[in-house]
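The values are calculated or read from the model by the stated rules, or taken from the named source; none is laboratory data. On a predicted model such as this, the values are computed, not experimentally measured, just so you know. For neighbour counting, all protein chains shown are included, and Cβ atoms are generated from backbone atoms with ideal geometry for every residue, glycine included.
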Amino acid sequence: MSRAAPTLVIGGAISALFVALALLSFIWTPYAVTDFDIAHRLQGPSTAHWLGLDHFGRDVASLILLGARNALLVSLVAVLLGAGLGVPLGLLAAARGGWIDELVMRGADVVFAFPALILAILLTAVLGPGALNAVIAIGVFNVPVFARLTRGSALSLWTRDYVLAARAAGKGAARISLEHVLPGLLSVLIVQATLQFSLGVIAEAGLSYVGLGAQPPAASWGKMLADAQTLVAVAPLQAIFPGLAIVITVLGLNLLGDGLRDRLDPRLTEDR
Amino acid sequence: MKLSSFFSGLLAACALLVAPLAVQAQTSLTVGLQLEPPNLDPTSGAAVATDDVVYGNIFEGLVQLDPQGAVKPLLATWWEVSPDGLSYTFHLRQGVRFQDGTAFDAAVAKFSLDRALAATSTNVQKQALGAIARIEAVDPRTLRLILNRPDGNLLNVMALGDTVMVSPKSAGKLATDPIGTGPFRFAGWRRGDSVTLDRFDGYWGKGAKLAQVRFRFIGDPAAAFAAIKTREVDAFPDYPAPENLAQLRADPKLKVIAAASEGEVILGVNNRTGPLANVRVRRAIQHALDRRAIIDGAMYGYGTPIGSHFPPQNAAYVDLTGLHPHDIAKAKALLTEAGYPNGLALTLKLPPPNYARRSGEIIAAQLAQVGIRVKIENVEWAQWLDQVFARHAFDLTVVSHAEPMDYDIYDRPDYYFGYSSPAFHALMGQLQAATDEGQRAAILGQIQRRIADDAVNGFLFQFPRLGVFDARLKDFWVNSPTRSIDLANASFDGAGGGGIASGRSGGGAIPGLVLAIAVVGGLAWLTARFGAVWLAGRAAIMAVTLLAASAVIFTIIQVVPGDPAAFMLGLNASPEAAANLRQQMGLEGPAAQRYAAWLLGMVRGDFGVSYTYQTPVAGLLAERIGVSLPLALLAMILSVVVGAPIGALAAARRGKAADTVVMGLTQVGVAIPNFWFAVLLVMAFSIGLGWFSAGGFPGWDAGLWPALKALTLPAIALAAPQAAILARVTRSALIDTLAEDYMRTARAKGLTASQALWRHGLPNALIPILTILGLQFPFLLAGGVIIENVFFLPGLGRLVLQAIGQRDLIVVQGVVMLLVFAVVATNFLVDVAYRLVDPRLSGRAAR
């Protein structure tokens, strides 16, 4: 467990910074990103613009801040959506067993069997592009993750003595699930939520990269990468900054997840 | 054109430099195109990509337009128009043969035009040919058109790709097997990758100088840059990334040409209702626009500002850019006058090309300055056609109107921007009656003024045709008003050389047979090993999953907005042509019936026929698997070869420095988005070092090594995050097994640590590793969607992206089902592998 502490500290620090920057963007950015200064586009970093200007002459640092907000909101809501639907399904499957269990698990199989990105692209073709629809497209694939995890962990809790005692006391399956099983799952769910959160950041970047995520003037790291792609030979920093933002954020969230896992449940392995 | 003279000078200088070396000039040419044609029949559907490839090369019409827009003879040597304008007599060229051997005469010409006008025709120009009452083959060399009203535009329509001459023998198969009278004949089409044309030796004219031409389809701007920079293509006549041109200009082996096109880029305004019906609001928008900033920001300075819907190179052009100058105060005043002192909110729908998306972002910022709050919505072309063009559900849009002389759209109140003006209609009437050139020019001037004064749309800039070419290439490109890439006279500098044999990809019956034997043998073995009951249970689960997935995907497809037929026929199609096409596509009828038909077909291996390519979907899937499957396997091998040993190393050195470094690196590896990594790889290893080609796929018939080489960079990009995950899993699995009692026992009986690890640790650690591999494989198969775009590989991912964009929904269904099947089959194989590795599992069903 000697490794756990630094992982948790570094991961927690990066994640906290990410959330702080995202929140900061609600009240302050260095410049307004609606200011187009085309004459000075692709300018390198300076004291006035720490990360330089983009292809429209917008302040890159401000765009990165707004991109953090977008990544945070999309991934967070997608996780909440996935957990909000997946956890109850998993609890239900574990509590009832039988055909309900089979139905939930087979349903999860079907969703897992779909190529996620292609389905997300189809969904945005139906719903139109936008941050909210990116949330739905990503959230749909979080549902079976939480359902499976909840069911698997809940099944083992159902065999525990304190649950048996509750059953003996005449409590119904729903009450037991909520009062005794769910609290026992919290640590596992928090760890998984952190990891799904980081997957969501990458997925959102991918969708925005192909133009299906947040729509301008909202900023997105994936959109910034797409804009920078043809400029790599001319202005490589344009692709470096948003790329680094994604890598650092995902890295931080993964480290946080690993650290939390080691702290909360040392028996779990790292193979999720 | 100052630029072109500069470049011809540059070209001459280059020619002098290479002259001593050029013993034999190159006779095969590769042209890069942004869009792949959906099919190769120019007489049905509106895809400009079809005209790019076939018009002037494979097909020819009776007449053509010269660079100044004048009508010139082609298959008709001369023609007469009766004084009342109701009879056109064409005298046809002699000695013309189609590439299928059919002789061209008046009967064939009559057949071609009758076909375009037929009731079941899906020809886009059917309405434009509406004045034709009757077509007569007077004698084999004379064709006469009898009109029911004069039509000054008829000869222009006869110069379009839609009215080319076709051979009665082959007219039914033009989509996949185009036959015309042009200087090149169709040689092959590798879908998603390229179309190849060979010189037609029986051509009536001088004949092409090039022996072979290949059109390669590269939609991604970054991939286009890489392709021209690494000379994967010799020419990119419609280069999509103006931001790279400065850099490409600096390369002496390339020439860059920016020329005028017939395209006007406009801010389309819905004139029908709401605030935009008020001319003051529309004028306010004009004053809010800063054209120079839009051209600089979106096009990097390429493009000429326009003040009306008319191209500056036309003799009748009137410069109206000063009519509504950029003036924020004036714009605000106009808005206040119109009753919007606090501004207003509008939506702006933007189609995919960069010029539209970038202009749109700048326009939104400019309109914000006068108090107009713009909500941007990016749409695909299919959605644009449906929402903006067909249903008029928009406020603003940005689009390029590429058709020459298309001011008549302002005379159509049902057109998407919905302009309706009696004054304009009267002008159009005068224009049709006018025969004198000077008189016509004067009326055209009034037409331009009228729509500018009414501020119908925001007139932004003339679309520049940006081309990048190998400097040795000459006579390639004429600034012709007709949409085409005419290569009849193109050649490379230097003496003529020999031809190049064309490669064709071919499927094989033998691999199919081997596969069938393997499947049957595998099933027999599984039955023997695990029992028929288990196998039947697994098969039932697989079948149910596939069935559920098919229902889900079919349902989603039903609600995808956008009509495939409307998409194929484009902007000028008549409703009846669209209905004809829907019927042909099998899109009519109840959903349940179509679902059942699709399902039953798939059971027999029939996935339907692609709407756009018009070939069986099964064949398309087979072609694309030939790229995606090897790519996925290669990526998987790479991730195992790299990831597993690294993970084992970290496990063996647990807690030491090596472990920390490896684990840190894998964390970074997991966090890197693979599309970003792919771009970095191209920049470093293709453009920088030149070790690998920037993309494309030569096909397996080009040889194992070239094919593998083309897949190497994409495989690395795909494999990197997977290898990182695998390393982590291997490490933790090994650490877990190392802690087990049997490992201690193994050490106690005298094995060394590494012996114990290999003999007892690894087999037990295999289960989690297998699980991850099983999860990874289908992901790699489908997960290459973006990677395939970056490297323009003709794989499944690119097929499905393109199919979604073009609403080729039957292909989308097919690809998704194939990928779902891959997941299900992989799960099954992983399950089998579990049982082989861990006999304890044989007793119960593993999940």
Notebook entry, point to check: Taking the stated definitions as given, is B:Thr230 within 14 Å of chain A (Cβ to nearest Cβ) and over 25 Å from A:Arg58 (Cα atoms)?
Noted result: yes
Check: Right, B:Ala293: closer than 28 Å to B:Tyr416 by Cβ, modelled with pLDDT of 95 or more, over 23 Å from the mean Cα position of the chain (by Cα) and among the small types (Gly, Ala, Ser) or not?
Finding: no
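Suppose the filter is within 17 Å of B:Leu546 (Cα to Cα), in contact with a Gly (Cβ under 8 Å, 6 or more places away or on another chain), assigned to a helix (DSSP H, G or I) and at pLDDT 85 or above; does A:Val111 pass it?
When the stated conditions are applied, A:Val111 does not pass them.
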Next item on the list: Evaluate the following for B:Ala551: is it modelled with pLDDT of 75 or more, within 14 Å of another protein chain (Cβ to nearest Cβ) and under 24 Å from B:Gln813 (Cα atoms)?
Entry: yes
Notebook entry, point to check: Among the residues of region A:72-86, is any touching a residue at least 60 places away in the same chain (Cβ under 8 Å) and polar (S, T, N, Q)?
Noted result: yes
Checklist line | Answer from B:Pro252, B:Pro240 - the residue that is surrounded by fewer than 18 Cβ atoms within 10 Å (Cβ to Cβ) and either out of contact with any Phe, Trp or Tyr (no Cβ under 7 Å at 6 or more places or on another chain) or modelled with pLDDT of 90 or more (or both) | finding: B:Pro252
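Please go through region A:117-126 and pick out each residue that is within 8 Å of chain B (Cβ to nearest Cβ), under 18 Å from B:Leu819 (Cβ atoms) and either surrounded by fewer than 23 Cβ atoms within 10 Å (Cβ to Cβ) or out of contact with any Pro (no Cβ under 8 Å at 6 or more places or on another chain) (or both).
Correct list: A:Leu117, A:Ile118, A:Leu119, A:Ile121, A:Leu122, A:Leu123.
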Next item on the list: Could you please give the count of residues in region B:274-298 that are within 12 Å of another protein chain (Cβ to nearest Cβ) and either of a type outside the set (Lys, Arg) or in contact with a helix residue (DSSP H, G or I) (Cβ under 8 Å, 6 or more places away or on another chain) (or both)?
Entry: 7
Notebook entry, point to check: What are the residue pairs meeting all of these: first residue in region A:54-71, first residue within 13 Å of chain B (Cβ to nearest Cβ), second residue hydroxyl-bearing (Ser, Thr, Tyr) and surrounded by fewer than 24 Cβ atoms within 10 Å (Cβ to Cβ), Cβ atoms under 8 Å, and 6 or more apart or on different chains?
Noted result: A:Arg58/A:Tyr31
Item checked: Matching option when the condition is surrounded by 20 or more Cβ atoms within 10 Å (Cβ to Cβ), within 14 Å of chain A (Cβ to nearest Cβ) and over 33 Å from the mean Cα position of the chain (by Cα), among B:Ile372, B:Ile447 -> B:Ile372
Check: In the set A:Pro129, A:Pro144, which member is within 14 Å of another protein chain (Cβ to nearest Cβ), touching a strand residue (DSSP E or B) at 6+ places or on another chain (Cβ under 8 Å) and in contact (Cβ under 8 Å) with a residue 12 or more places away in the chain?
Finding: A:Pro129
Notebook entry, point to check: Which ranges mark the helices (runs of 4 or more DSSP H) fully within region A:140-251 that have 3 or more residues being of a type in the set (A, V, I, L, M) and under 30 Å from B:Asn789 (Cβ atoms)?
Noted result: A:182-209, A:221-229
Next item on the list: Could you grab the pairs with beta carbons closer than 9 Å, sequence gap of 6+ or different chains, first residue in region A:220-244 and more than 7 Å from chain B (Cβ to nearest Cβ) and under 17 Å from B:Asn674 (Cα atoms), second one among the aromatic types (Phe, Trp, Tyr) and assigned to a loop (DSSP other than H, G, I, E, B)?
Entry: A:Asp227/A:Phe56
Notebook entry, point to check: Take the residues of region A:14-36 that are within 14 Å of chain B (Cβ to nearest Cβ) and not in a helix (DSSP H, G or I): which is farthest from A:Ala48 (Cα to Cα)?
Noted result: A:Thr34
Notebook entry, point to check: Taking region B:250-270 on its own, how many of its residues are out of contact with any Leu (no Cβ under 8 Å at 6 or more places or on another chain) and over 27 Å from B:Gly307 (Cα atoms)?
Noted result: 3
Next item on the list: Among the candidates B:Asp475, B:Asp436, B:Asp453, B:Asp470, single out the residue that is closer than 22 Å to B:Arg282 by Cα and of a type in the set (Asp, Glu).
Entry: B:Asp453
Next item on the list: Please state which of the following conditions B:Arg283 fails to meet, knowing it meets all the rest: (1) of a type in the set (Lys, Arg); (2) outside the structural domain of B:Gly438 (by TED's automatic domain parsing); (3) touching a residue at least 40 places away in the same chain (Cβ under 8 Å).
Entry: (2)
Checklist line | Looking only at region B:554-564, and only at residues there that are without any contact (Cβ under 8 Å) to a residue 60 or more places away in the chain and at the interface with chain A (Cβ under 9 Å from one of its Cβ atoms), the one that is farthest from B:Leu385 (Cα to Cα) | finding: B:Ile556
Check: Quick check, is B:Ala684 closer than 30 Å to B:Asp193 by Cα, within 14 Å of another protein chain (Cβ to nearest Cβ) and surrounded by fewer than 20 Cβ atoms within 10 Å (Cβ to Cβ)?
Finding: yes
Next item on the list: Hey, could you check region B:661-679 for residues that are facing chain A (nearest Cβ under 8 Å) and assigned to a helix (DSSP H, G or I) and say which is surrounded by the most Cβ atoms within 10 Å (Cβ to Cβ)?
Entry: B:Trp676
Margin query: Looking only at helices (runs of 4 or more DSSP H) that lie completely in region B:707-807, which have at least 2 residues being within 11 Å of chain A (Cβ to nearest Cβ) and not aliphatic (A, V, I, L, M)?
Written below: B:762-783, B:796-805
Check: Which strands (runs of 3 or more DSSP E) sit wholly inside region B:316-420 and have at least 2 residues that are among the basic types (Lys, Arg) and either touching a residue at least 40 places away in the same chain (Cβ under 8 Å) or in contact with a strand residue (DSSP E or B) (Cβ under 7 Å, 6 or more places away or on another chain) (or both)?
Finding: B:372-378
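The rows are residues; the columns are (1) over 30 Å from B:Val603 (Cα atoms); (2) out of contact with any Ser or Thr (no Cβ under 9 Å at 6 or more places or on another chain); (3) of a type outside the set (S, T, N, Q).
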residue	(1), (2), (3)
B:Leu757	yes, no, yes
B:Leu775	no, no, yes
B:Gln813	no, no, no
B:Val830	no, no, yes
Next item on the list: Looking only at region B:646-656, decide whether some residue is in contact with a Ser or Thr (Cβ under 8 Å, 6 or more places away or on another chain), surrounded by fewer than 24 Cβ atoms within 10 Å (Cβ to Cβ), more than 14 Å from every other protein chain (Cβ to nearest Cβ) and more than 23 Å from B:Pro768 (Cα to Cα).
Entry: no
